[in-house]
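See below for the structure under consideration.
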Amino acid sequence: MELISLGYQIISYRVTAVDSDGYMHRGVAMYELVGEPDTRDLFSNLEVA
């Protein structure tokens, strides 16, 4: 997955879901973002002399 390669931590679950018509769907994937990459700018606090 592209986001995972960018450093995001994503976990997935397989669940059973019921749609608005009452049909059951097994094995639907749910994804959860559990961590983001550190995107702090290491040079943002530097002052120009």
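FYI, it's all coordinate maths here, none of it is from the lab. Since the structure is predicted, the reported quantities are computational estimates derived from the model, not experimental observations. Note that each Cβ is placed from the backbone with ideal geometry, even for glycine, and that neighbours are counted across all protein chains shown.
What to note about this one:
- Extension reserve of the Val34-Gln9 stretch, reckoned as 0.36 nm per residue once the Cα distance is removed: 8.5 nm
- Paired Rg and Dmax values of the chain, which use every Cα atom, in angstrom: 19.5, 67
- About the Cα centre, charge dipole magnitude for the chain (Lys/Arg +1, Asp/Glu -1 at Cβ), debye: 280 debye
- Taking 7 Å steps out from each Cα toward its Cβ at Asp21 and Asn45 produces label points 5.8 nm apart.
- Dipole of the chain, positive direction: furthest Cα of Ile4, Val34, Gly22, with charges on the beta-carbon: Gly22
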